[in-house]
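Worksheet: one structure, shown below.
The values are calculated or read from the model by the stated rules, or taken from the named source; none is laboratory data. The shown structure was predicted, so the numbers you read here are calculated from the model rather than taken from an experiment. Methodologically, a virtual Cβ is constructed for each residue, glycine included, from the backbone with ideal geometry; neighbour enumeration extends over all protein chains shown. Keep in mind that these areas ignore ligands, DNA and RNA; they rest on the heavy atoms of the full protein, side chains included. Shrake-Rupley method; radii C 1.70, N 1.55, O 1.52, S 1.80 Å.
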Amino acid sequence: MYIVTAKEMYDLDRYAMDEIGLDGRLLMENAGRAVADQIESELSLSDGILVLIGKGNNGGDGFVIARTLLQRGYDVTAVQMVPSSKIEGDAAYHRKLLLSMGYSFVQYDGQESLEKLCDQNSIIVDAMLGIGVKGEIRSPYREAIQTVNASPTHTISVDLPSGVPADEGVEVNQAVKADRTVVIQYPKLSAYFQYTATFYGEWKTVDIGLPAPSQHKRSFYGKAQVQSTFPTRNSFSHKGKHGKGLVIGGASTMPGSVGLTSRAALRGGAGLLTLATVPSVIQALASSTLEATYISLQDLNGYILDVKGLDLSYDGIAIGMGMGRHEEAVQVLQKVLQKASCPVVIDADGLYALEKDTSILDDRDGPSILTPHPGEMAHLLGVSIPELLSKPFAYTRSFAEKHHVFIVLKGAFTIITNPEGEQWVTDTGNPGLAKGGSGDALSGILLAYIMQDQTIGDALCNGTWIHGYTAELLTAERHSEHDLLANDIIEGLAQTYRTLSL
Ligand SMILES: NC(=O)C1=CN([C@@H]2O[C@H](COP(=O)(O)OP(=O)(O)OC[C@H]3O[C@@H](n4cnc5c(N)ncnc54)[C@H](OP(=O)(O)O)[C@@H]3O)[C@@H](O)[C@H]2O)[C@@H](O)CC1
Ligand SMILES: [K+]
């Protein structure tokens, strides 16, 4: 499923009309009917439906929805928000069709009468503003949005909650808080931002017959993608075929993180796993992480001092977990990035060390994978967290393209970006993952997957999806969002693999 900007949606619309010959009026008919089908699944014939119709094509969809539901015998009140003279093009065609079929609408007549209509009906269909919204919301929508939001009546928005822009970097000053949104064809960027996603309520897309974009820019990555890309194992494979991974990190006061990463890599499917760390961490972990082998690094006050002489010929490396923020960490990271030619996952304190000089990424031989949470990404970019979160797709894409790296920007919606700027979004997981250690476990899973037979992009998407899905499975059964630990995720991978038949 593609994720589009307003411009990409308009380009597709134009392509469908000019090149393919799909009539805009037909697309609007498809859109309105598809939304009506969705709404109908929630209705009984006794329900009153209020359809709020704006000036543009979102309002055009509203005319089709009103006509379709009227034809099916429902009690519909259609309210046109602007004078008829302002309605043009395809929307005017569908407005006329509604009237020609013997139905009617009422003209918006101020907040007070709208308030009454909201109270009298069981469902509000918000078809006021769509992807064409720009700037501060003006009258009459401003007042209508206030009225809709003040009403307890169940609200279903068409394409977008009116007032929410499609794109990133645009402030929402006033918008409908929908209970549900029926999205036309492809989700828009704003369905995935922390600041705007909540306006959508639950949402679902409907197909209106538009073609797919000619070029991949962004898409949703879900269960179907995991199941079609996850590598299968053949009966003749041996441990060397499943990747020889190296984890570098840990400090005497933080032994757990690299332990979690190592065990997650092994449970994730790595064939062989070596942990390079300070002697005290080896002592702490050796009896619990039996399947790993260990390399003892030079230690200074409990931190890794150097990686001199460390063999870096592995299939994949993960660096930074619990490594500490001491001065020497910067050289440790730089040496590993310079000398290793395999894919390297950089996480946690590794990202902190990277901040000192991101140009080190530019001349690497092998792929680099950064796994920041928003705070770490904002630091790397030198912007505030709210600024990053207002444009997460644009910021991560520009950094990935500039430094030729993969980025996994972690969050309720995780955005995975490859060095060419292509992006994927995964949405699995829950607040149970907001706990120390879950990032370490994710790094281990990603390390395991980048060493398997799949593209790095797929490996990162599969890893984040499975990490989140495992949390969902666990909280649905044995655990809650309060008690879930990173260790539970690692142990829970078994159930995930079995449930998905991977
Ligand atoms: N493939 C497709 O694309 C398809 C799209 N379809 C549908 O069309 C929708 C997009 O339609 P659209 O382009 O007409 O935009 P839309 O948001 O309905 O209205 C824009 C009008 O609103 C106004 N306005 C804007 N900002 C404002 C503000 N701040 N405050 C107040 N008013 C404001 C402004 O009018 P103005 O006031 O400037 O005269 C502007 O002209 C899309 O979301 C989907 O539902 C489907 O039917 C089929 C296929
Ligand atoms: K809308």
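Per-structure values
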item	result
Qualifying GluC sites (Glu not before Pro) in the stretch 434-502, DSSP loop, other Cβ atoms within 10 Å at most 15	Glu477, Glu481
The stretch 46-138, Cα convex hull volume normalised per residue, Å³	96
Long-range HN-HN contacts of Thr205 with modeled amide H, under 5 Å	Val183
Mean separation of Cα contacts under 8 Å, 6 or more apart, over the residue count of the stretch 236-499: relative contact order %	19
Rounded if a/c under 1.5, otherwise prolate or oblate - the stretch 354-473, Cα gyration tensor axes	oblate
Positive minus negative residues near Ala486 (Lys, Arg vs Asp, Glu; Cβ under 11 Å)	-1
For the stretch 367-433, fraction of C-alpha pairs farther apart than 13 Å, in %	59
Surrounding net charge for Ile131, when Lys and Arg each add one and Asp and Glu each subtract one, Cβ distance under 15 Å	-4
Exposure ranking of His379, His467, His479 by accessible area [1.4 Å probe, largest first]	His379, His479, His467
Heavy-atom accessible surface of the chain: percent carbon and sulfur, 1.4 Å	49
Accessible solvent surface per residue of the chain, calculated while the other protein chains remain in place, 1.4 angstrom probe, Å²	42
Using alpha carbons only: equivalent-ellipsoid semi-axes of the chain, gyration tensor based, whole Å	51, 21, 20
Largest-first principal axis extents of the Cα set of the stretch 6-219 (Å)	47, 38, 34
Equivalent-ellipsoid semi-axes of the stretch 236-499, from the Cα gyration tensor, Å, largest first	24, 23, 18
Helix runs (DSSP H) in the chain reaching 15 Å along axis by Cα, Kyte-Doolittle at least 1.0	438-450
Rounded FRET efficiency, nearest 0.05, which uses the C-beta distance separating Lys223 from Lys96 and R0 of 56 Å	0.80
Computed [θ] at 222 nm, deg cm²/dmol, the chain (DSSP H ≥ 4; -39,500 (n - 2.57); rounded to nearest 500)	-12500 deg cm²/dmol
Heavy atoms of Arg72 accessible to a 1.4 Å probe, total area in Å² rounded to 10	80
Thr198 accessible area, 1.4 Å probe, all protein chains in place, Å² to nearest 10	90
Tail weight of P(r) past 22 Å, computed on alpha-carbon pairs of the stretch 272-381, percent	30
Net +/- balance of residues flanking Cys342 in space, Cβ distance below 13 Å, scoring K and R +1, D and E -1	0
